[in-house]
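The values are calculated or read from the model by the stated rules, or taken from the named source; none is laboratory data. What you see is a predicted model; the values in this text were computed from it and never measured. In this analysis, Cβ positions are derived from the backbone assuming ideal geometry, glycine residues included, and neighbour counts consider all displayed protein chains.
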Amino acid sequence: MMRQALSTLRISTRGRGFQEITRDVQRCVAEAAVQTGLCTLHLQHTSASLLIQENADPDVRRDFERFFARLVPDGDPLFIHTAEGEDDMPAHVRTALTTVNLSVPVAEGRLCLGTWQGIYVWEHRRAPHTRSVVVHVIGDDG
Amino acid sequence: MMRQALSTLRISTRGRGFQEITRDVQRCVAEAAVQTGLCTLHLQHTSASLLIQENADPDVRRDFERFFARLVPDGDPLFIHTAEGEDDMPAHVRTALTTVNLSVPVAEGRLCLGTWQGIYVWEHRRAPHTRSVVVHVIGDDG
Amino acid sequence: MMRQALSTLRISTRGRGFQEITRDVQRCVAEAAVQTGLCTLHLQHTSASLLIQENADPDVRRDFERFFARLVPDGDPLFIHTAEGEDDMPAHVRTALTTVNLSVPVAEGRLCLGTWQGIYVWEHRRAPHTRSVVVHVIGDDG
């Protein structure tokens, strides 16, 4: 029978960087008791992203930070919106260049992620924040 | 009971810039009479984007335009595809760097957006266009 | 009646470049026998993307390659993660700047794509790969 479930994850970030949430999302899918279906994540913020990326070598995440620090540098004089500091507008741009929504199918009660895919909250502000991710699961329990 | 609804928003843009559509999308959700579910937007174009971003300070949108104008400049001699002018290929690239699909869960009949999140059509062409956004809502009416 | 279907497309890429999969996805929708609904694609990799873009002029795809080759150059000394060669980390960054998930509504048994929209697997590695795209379709058969 078709069913759905909605829950919210609260993720404490430690400032700029990646926080893996794959297990937390998988737990939401298990609690929804959906065997075949679709899991959608929505991050309710404009200065942090959701990203599916390599979960093996931590150098990948370090290189991501280095690349984005060069592409969208903090304190860039181009930006007018600096109300919350020199990392404020760069955090918005990094978010727009990535995304705040993800949708992953579910099969046999598990997220259909690839072997090397992990789901991350990518904090773009320098200070720690609490970030909310709404998790929606829809599908069949059979 | 599980139900769904499909509708299309026609958005008149005024050339390059942001057009907020949060209320239009919320209206589609209300008309679908879904209390708990998922709302998916698809923009049917390749030179404009859908973006969820800060809805408070208009300087944020101005800074977005300035950043993207520098990152993907009009008239860049790199580009061969200039059939519709010097903003043609940059508009495609801006679209690819952002997105044309969004999925936002629905709770208590409302989009689960964060406090500062608005949904925008971001026109990347200099001339005004009419843009179509297909809105799909699925969920429970109970 | 509400129904869903899950399938996997295996796409053989020829190294860096675009492979159109619009017809393959449309075939999954037809096989799912869904008239009105939602089709979600998830690419199970971290060095290739899904992209909806212009399907008419092949120069558009060539210009995309040229732009991304300049934005995220192979062999950039910034990168530490070079385990699989100088195109390894650039492939991850290109993937993050685009996306691995897409959701497109379905009406009258067909994907609600715009006239000029095609769905592509964009291979970011130089060598050919086999890429898996999970296709989830949910909706009504009536």
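Looking only at the stretch A:120-141, how many residues end up being under 20 Å from C:T8 (Cβ atoms) and surrounded by fewer than 24 Cβ atoms within 10 Å (Cβ to Cβ)?
1
Here are some conditions: (1) crowded, with 21+ Cβ neighbours inside 10 Å; (2) more than 19 Å from the chain's Cα centre (by Cα). B:L78 meets all but one. Which one does it not meet?
If we test B:L78 against (1) crowded, with 21+ Cβ neighbours inside 10 Å; (2) more than 19 Å from the chain's Cα centre (by Cα), just (1) comes out false.
Considering only helices (runs of 4 or more DSSP H) fully contained in the stretch C:6-106, which possess at least 2 residues that are at pLDDT 95 or above and at the interface with another protein chain (Cβ under 9 Å from one of its Cβ atoms)?
In the stretch C:6-106, the matching helices (runs of 4 or more DSSP H) lie at C:58-71, C:88-97.
Output yes when any residue across the stretch B:25-46 is among the charged types (D, E, K, R) and over 27 Å from A:M89 (Cβ atoms), and no when none is.
Checked the stretch B:25-46: at least one residue is among the charged types (D, E, K, R) and over 27 Å from A:M89 (Cβ atoms).
Pull out all pairs, ordered by first then second residue, where Cβ-Cβ is under 6 Å, the residues are six or more apart or on different chains, the first lies in the stretch A:119-131 and is among the aromatic types (F, W, Y), and the second is at pLDDT 95 or above.
A:Y120/A:F18; A:Y120/A:E20; A:Y120/A:L51; A:W122/A:F18; A:W122/A:S49; A:W122/A:L51
More than 12 Å from chain A (Cβ to nearest Cβ) and assigned to a strand (DSSP E or B): does that describe C:I138?
Against the criterion (more than 12 Å from chain A (Cβ to nearest Cβ) and assigned to a strand (DSSP E or B)), C:I138 does not qualify.
Could you tell me how many of the residues in the stretch B:19-58 are within 16 Å of B:L6 (Cα to Cα) and of a type in the set (A, V, I, L, M, F, W, C)?
Counting residues in the stretch B:19-58 that are within 16 Å of B:L6 (Cα to Cα) and of a type in the set (A, V, I, L, M, F, W, C) gives 11.
Any residue in the stretch A:85-100 that's touching a residue at least 12 places away in the same chain (Cβ under 8 Å): show its pairings with residues that are basic (K, R) at Cβ separation under 8 Å, as long as the two are six or more apart or on different chains.
A:G85/A:R126; A:D87/A:R16; A:D87/A:R125; A:D87/A:R126; A:D88/A:R125; A:A91/A:R125
Say we look at the stretch A:29-39 and pick out the residues that are surrounded by fewer than 23 Cβ atoms within 10 Å (Cβ to Cβ) and not aliphatic (A, V, I, L, M); which of these is nearest to A:T130 (Cα to Cα)?
Per the criteria, the residue is A:E31.
Under the condition of being over 23 Å from B:T95 (Cβ atoms) and in a strand (DSSP E or B), which residue from the stretch C:107-134 is farthest from the chain's Cα centre (by Cα)?
If we take residues in the stretch C:107-134 being over 23 Å from B:T95 (Cβ atoms) and in a strand (DSSP E or B), then C:T130 is farthest from the chain's Cα centre (by Cα).
Looking at (1) surrounded by fewer than 18 Cβ atoms within 10 Å (Cβ to Cβ); (2) closer than 30 Å to B:R3 by Cβ, which one does A:T99 not meet, given that it meets all the others?
Of (1) surrounded by fewer than 18 Cβ atoms within 10 Å (Cβ to Cβ); (2) closer than 30 Å to B:R3 by Cβ, only one is false for A:T99: (1).
Restricting to the stretch C:28-65, count the residues that are among the basic types (K, R) and either in contact (Cβ under 8 Å) with a residue 24 or more places away in the chain or in contact with a Ser or Thr (Cβ under 9 Å, 6 or more places away or on another chain) (or both).
So the count comes out to 1.
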